[in-house]
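Notes follow the structure.
Please treat every number below as a calculation from the coordinates, not as lab data. Values in this document were obtained by computation on a predicted structure and should not be read as measured data. Virtual Cβ from ideal backbone geometry, glycine too; neighbours counted across all protein chains shown.
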Amino acid sequence: MNNADLRLVSMVINEPGFKIIEDEIRQRGIGLDHVNRVTGNPFFDGELKGTVSSIENLLYFLNELRTEIKNMKGDD
């Protein structure tokens, strides 16, 4: 992402209300880590993808965005 995009994202992601959304995403991941919630067919494609992994990837993405925004502020 370029700095202009990161500045735009930082106006949203650093707001206190966004923490509520992030906590809700985390709560929705609880209980989804069982075999009944898989999205792949391990017998045909050899890959088993759980729903929780996608939620964890989203939370990881948000943390990475925050890290990039902090680094961008140091570059100004």
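HN-Hα J couplings of region 7-14 from phi, Karplus 6.51/-1.76/1.60, θ = phi - 60°, integer Hz, Gly and Pro as x?
Going residue by residue, I get 5, 5, 5, 5, 5, 9, 5, 8 Hz, with x marking Gly and Pro.
Cβ under 11 Å from R26's Cβ, R26 left aside: what net charge do those residues give with Lys, Arg +1 and Asp, Glu -1? List each step's numbers first, then the result.
Numbers: positive: K19, R28; negative: E22, D23, E24, E56.
Once all neighbours under 11 Å are counted, the net charge is -2.
Please order I55, I21 by the number of other Cβ within 10 Å, starting at the fewest.
The order, fewest Cβ neighbours first, is I21, I55.
Assuming 0.36 nm per residue, please report the length gained on full extension of the stretch I20 to E64 beyond their Cα-Cα distance.
Values: separation 44, 0.36 × 44 = 15.84 nm, distance 1.80 nm.
The span from I20 to E64 would gain 14.0 nm if fully extended.
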